[in-house]
Amino acid sequence: MDSDLRSIGELARASGLTVSALRFYDAAGVLIPVRVDPVTGYRWYADDQVAPAQLVAGLRRIGLPVAEIARAVRAEPPVVHRLIESHLGRLADGLAEARAEAARIRRLLTADHAPQVTRLVLAGQELSAAVDAVRFAVGTDPALPGLAGVLLDVTDEGVRLVATDRHRMAVATAGAAVRGPAVRALLPVAAVDRLRRLSGEAATGEVRLTLVGRQVVADVARRRLRVTTLPYDFPDYHALLPGTTGAPARRVPVDAPWLVAALRSGTPTVTREHAGGPLPVTVLGLGGRDPLRLLGPDELADSGAGRAEVELRVGVNGEYLLDALRAAGGPRLVLELDGPVTPLAIRRPDDPAAFSVLMPIRL
């Protein structure tokens, strides 16, 4: 066999065509090998077929029809230039037609699926109270931008405000007159703070919210606030709502002023390592003579003083607990929990729809 012949694989590597493409162009009469082994069927090509094969590869990439590729392989350069220009003209015409058709489709979609509008009317005082109840739980981690806001979950019954930073969650509701479909809007925290200030100014008046797509317009006391919602998915919080996991194992009355004072004056019970640094942990003890108290380090030891009197120990971030107590307000609260590693809730007895949830710290 002549040493200057190339196998089909060698020509494929030299030209940029695949072996299967070379077989196709052989069958189509575009690029015919100079020799085919009658026994094995192997195809062999001459060195001077490399350039035509490279031309075929290029014309194929721009989508030239096979018949025109076959003509170009055998034509002089001016003819090939004309074939390319003619093909580019067809592509341009086709792109213009595609753009026109796409615009027509978009108009149809806009007509059939126009953005739906939801309107709410709330009392400024209720909205202010709801924001105050959840604001402390807004996330601040830049790696979790979807938590850097407050979710407005609107149904035909009113609006629920939700905030979480993964370690705690706060939920509050506000009554509202709602017109339009149910909608969820994740408001940036800066916009929530501005809305809180405006609604505070309208404490005896109304707050009107209009939600369209990703836009929220608030009309308060003759002032207007326009907000673009955050383009992130907010976590599904429904699993932590009352009644989703059955009644809690324990419902402990809490004297809020006493607990706030104890948290402020006391020191954390233990220190644990978290995210490469120390994490102070306040330990709540339930049972014994007092239904709830803050435990000292000696009460965590296996044989520590008073250990037998404590039925349940729950570790929490004391600062987070203080935030939840302040947000809940009121002298009497209820602590709900199922065990040392399940979320614990802080509630107001007079408002079961408003609550905070803290994730416990494993002791």
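General remarks:
- Criterion (in a loop (DSSP other than H, G, I, E, B) and over 24 Å from Val212 (Cα atoms)) met by exactly one of Gly139, Gly89: Gly139
- Residue that is modelled with the highest pLDDT, among those in segment 329-348 that are outside any strand (DSSP E or B) and closer than 21 Å to Ala239 by Cα: Pro343
- Entirely in segment 1-64, the helices (runs of 4 or more DSSP H) that have 1 or more residues that are out of contact with any helix residue (DSSP H, G or I) (no Cβ under 7 Å at 6 or more places or on another chain), assigned by TED's automatic domain parsing to the domain that holds Glu85 and farther than 26 Å from Leu91 by Cα: 8-15, 19-27
- Some residue of segment 193-215 being without any contact (Cβ under 8 Å) to a residue 60 or more places away in the chain, assigned to a helix (DSSP H, G or I) and under 20 Å from Asp236 (Cα atoms): no
- Sole residue being crowded, with 20+ Cβ neighbours inside 10 Å and more than 17 Å from Ala327 (Cβ to Cβ), chosen from Val159, Val171, Val134: Val159
- Scanning segment 50-108 for residues that are among the acidic types (Asp, Glu) and either at pLDDT 90 or above or within 25 Å of Val19 (Cβ to Cβ) (or both) yields Glu68, Glu76, Glu85.
- Qualifying position, being farther than 30 Å from Ile32 by Cα, without any contact (Cβ under 8 Å) to a residue 60 or more places away in the chain and either of a type in the set (Asp, Glu) or part of a helix (DSSP H, G or I) (or both), among Ala133, Ala129, Ala67: Ala129
- Residues of segment 306-328 that turn out to be part of a loop (DSSP other than H, G, I, E, B), surrounded by fewer than 17 Cβ atoms within 10 Å (Cβ to Cβ) and within 28 Å of the chain's Cα centre (by Cα), as a count: 0
The values are calculated or read from the model by the stated rules, or taken from the named source; none is laboratory data. None of the values given here were measured: they were computed from a predicted structure. Don't worry about glycine lacking a Cβ; one is built from the backbone with ideal geometry, like all the others, and counts go over all protein chains shown.
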